[in-house]
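Student: Okay, handing you the structure first.
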Amino acid sequence: MNNNGRILLVYALIILILMLSFGLVLAQYAQQSIIEVVGENGMERAEEASRNIWFMTFIMISVIAMALITICYQIFIKYVDPMRKATDTAEELSHGNYRARADSGVFGDAGRLGAVINELGRHLKELTSVQGMQETRLSAVINHMSSGLVLIDEKGYIQLVNESFIRTFKEDKAYYLDYLYHEVVPHEEVQSVVENVYMFEEPDSQMLTIQRGLERKFIQVNGAPIFKENKRWQGVVLVFHDITELKKLEQMRKDFVANVSHELKTPITSIRGFAETLLEGAAEDKEKNEQFLGIMLKESTRLETLIHDLLELTKIEREDFQLSLQQVNITDLVMETKKLVQTQADRKGIRISEHLDTDAVCEGDSTRIRQVLINILSNAITYTPDRGEINVRLHDEKDRITVSVSDSGIGIPPEEIPRLFERFYRVDRARSRNSGGTGLGLAIVKHIMEAHRGEVYVQSVPGEGSEFTLVFHKVTGEKIFPAEE
Ligand SMILES: Nc1ncnc2c1ncn2[C@@H]1O[C@H](COP(=O)(O)OP(=O)(O)O)[C@@H](O)[C@H]1O
Ligand SMILES: [Mg+2]
């Protein structure tokens, strides 16, 4: 029983005692009055009346006492106890236990109080679960975003750093949190962004480079001010965006444009030079006339090949490039290409011998595979001195077909091999250009083989020769070419 219950009991007892005393006084007074009225003679009847009065008083007091106890008990059950439980529940809620509930099903004001407190508890629980969910979502987004994120408060202390920022700057969270930004982020660019945002209250951005061993990263830092609802200054948010890949692509594009311009310029300058010389009178000299025209023809052919190769490469590199697939007999294709380059080989007295498994068939684009074979075979002829040897082998294995072309040519230094398949990359620029090469042949080969999910390898010993191996995978069980690609 709680305090309220006890107080109630004390009040009930006091009332009971008061009533008892009042009853006794009343009974005594009644007895006296009777004795006075009846005198000594009627003593016997008076005693009997007095007993009756005492008896009636006792009955009356007992009935009143029982009624009082019942009322008190009811008050306790219906008001005092539910109130106590409601108070306890409210206390639990205030301590953060949003599951606490008061007794339901109690009538009257106490019942309403319990119901209201329960409703409050439910609301609080919903609110905290929504808030919790939002917080989890927000922290998942912040930590899974690819860009780094830093929050700096109005005094310049770092309040939040995300996983991506940690990955980029390689320190742990504790290194940054609650420190002044300029003490822990030493990059001038970042400091200048933060200062500008503080000063002008406008977004600002800069690029910074970080050197990690041999690796160099380009990071774009974007800063923006954060305001509270009442427009009061709250701090700065910084977003670090890794733009290394973009920079690389931009550099590749610049290199490509520079290379193309250079490659186009050389034959055009040469054609123009010879045309001018002819116009200035060299045309009169029959021998020079023929020689210069010959050079002009060769240079324009080279220009044509270059433009053709460039267009081919652009086509193959396009995202929507599609192979026209069919069952291709690679053995037949090799024989066909050999015939196509035979005259070129004969001119240099080079012998091409072949060891081919018959009827090796796989799924592929015959025009593109022919292009690969021509490029590899004509390279072998170009980079092999007169009267050299070329061997073409074809192995038809269970799940793949390998074609290797080996020559007894000049070979390739091992350090040059990784760059061989880059656009315009040539080991010996002058020799390649003289032979009419564009530097794009192997880049085209690589792209076509990749489109076929195939591979191309190079092995070479400088001065002894090179071997280019092509691997075509046969379609087995799972498809090599997914439908949507
Ligand atoms: N069989 C080979 N032997 C030696 N070097 C080769 C051979 N094939 C290719 N190369 C080297 O690879 C470079 C790139 O080849 P490619 O892309 O076909 O360009 P290109 O033949 O037009 O110069 C060539 O310039 C050459 O230096
Ligand atoms: Mg070539």
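The values are calculated or read from the model by the stated rules, or taken from the named source; none is laboratory data. A quick note: this is a predicted structure, and the numbers were derived from the prediction, not measured. Cβ atoms come from the backbone with ideal geometry, glycine included; neighbour counts cover every protein chain shown. For the accessible areas, the whole protein counts, side chains as well, though only heavy atoms, and no ligand, DNA or RNA atoms are used. Shrake-Rupley method; radii C 1.70, N 1.55, O 1.52, S 1.80 Å.
Student: Which one, S147, G281, N118, is farthest towards the positive end of the dipole of the chain when Lys and Arg carry +1 and Asp and Glu -1 on their Cβ?
Tutor: Farthest towards the positive pole: N118.
Student: Send over the Kirkwood Rh of segment 248-315, from the inverse of the averaged 1/r over different Cα pairs, rounded to one decimal Å.
Tutor: 13.5 Å
Student: Tell me the Rg and the Dmax, in Å, that the Cα atoms of segment 322-473 produce.
Tutor: 14.6, 43
Student: Moving on to the next point. Going by a ≥ b ≥ c, the root eigenvalues of the Cα gyration tensor, does segment 145-242 fall in the rounded group (a/c under 1.5), the prolate group (a/b larger than b/c) or the oblate group?
Tutor: prolate
Student: If the limit is 18 Å between Cα atoms, which of K254/K446; K217/K247; K265/K315; K217/K446; K173/K228; K248/K446 go over it?
Tutor: K254/K446; K265/K315; K217/K446; K173/K228; K248/K446
Student: With the convex hull built on the Cα atoms of the chain, state its orientation-averaged projected area in nm².
Tutor: So the mean shadow area of the Cα hull is 48.6 nm².
Student: Label segment 220-353 by shape, choosing from rounded, prolate and oblate, from the square roots a ≥ b ≥ c of the eigenvalues of the Cα gyration tensor; if a/c is under 1.5 it is rounded, and otherwise prolate applies when a/b is larger than b/c, oblate when it is not.
Tutor: Taking the square roots of the gyration eigenvalues as a ≥ b ≥ c, segment 220-353 is oblate.
Student: Which part of segment 75-103 falls in the paramagnetic zone of S139, meaning amide N under 12 Å from the point 7 Å along Cα-to-beta-carbon?
Tutor: none
Student: Taking all protein chains together and a probe of 1.4 Å, list K339, K348, K254 from the most accessible to the least accessible.
Tutor: K339, K254, K348
Student: Towards the positive end of the charge dipole of the chain, with charges on Cβ (+1 Lys, Arg; -1 Asp, Glu), say which of Q371, T89, M43 has the farthest Cα.
Tutor: M43
Student: Measuring from label point to label point, each 7 Å out along Cα→Cβ, what is the E284 to T358 span in nm?
Tutor: 6.8 nm
Student: Still on this model: How much accessible surface does H187 have with a 1.4 Å probe, in Å² rounded to 10?
Tutor: Surface open to solvent at H187 totals about 40 Å².
Student: Which residue, chosen from C72, G156, M133, occupies the Cα position most advanced towards the positive end of the dipole of segment 48-176, where the dipole is computed from +1 (Lys, Arg) and -1 (Asp, Glu) charges on Cβ about the Cα centre?
Tutor: Most positive-ward Cα: C72.
Student: With a 1.4 Å probe and all protein chains kept in place, how much accessible area does E397 have, in Å² rounded to the nearest 10?
Tutor: 70 Å²
Student: For every helix of n ≥ 4 consecutive DSSP H residues, a contribution of -39,500 (n - 2.57) applies; sum these over the chain, divide by its total residues, and give [θ] at 222 nm rounded to the nearest 500 deg cm²/dmol.
Tutor: Mean residue ellipticity at 222 nm (helix-derived): -19000 deg cm²/dmol.
Student: Now for a separate question. Output the antiparallel fraction of DSSP beta bridges having both residues in segment 322-473, as a percent to the nearest 5.
Tutor: 80 percent
Student: S139: net charge of surrounding residues, Cβ under 13 Å, Lys/Arg +1, Asp/Glu -1, itself excluded?
Tutor: Within the 13 Å Cβ shell, the charges total 0.
Student: Ok, one more. Loop sites only, by DSSP: take the chymotrypsin sites (Phe, Trp or Tyr not before Pro) in the chain that have at most 14 other C-beta atoms within 10 Å and name the longest stretch containing none of them.
Tutor: Result for the longest clean stretch: 322-485.
Student: Same structure again: How much solvent-accessible surface does L120 expose, in Å² to the nearest 10, with a 1.4 Å probe and all protein chains in place?
Tutor: Estimated to the nearest 10 Å², L120 gives 100 Å².
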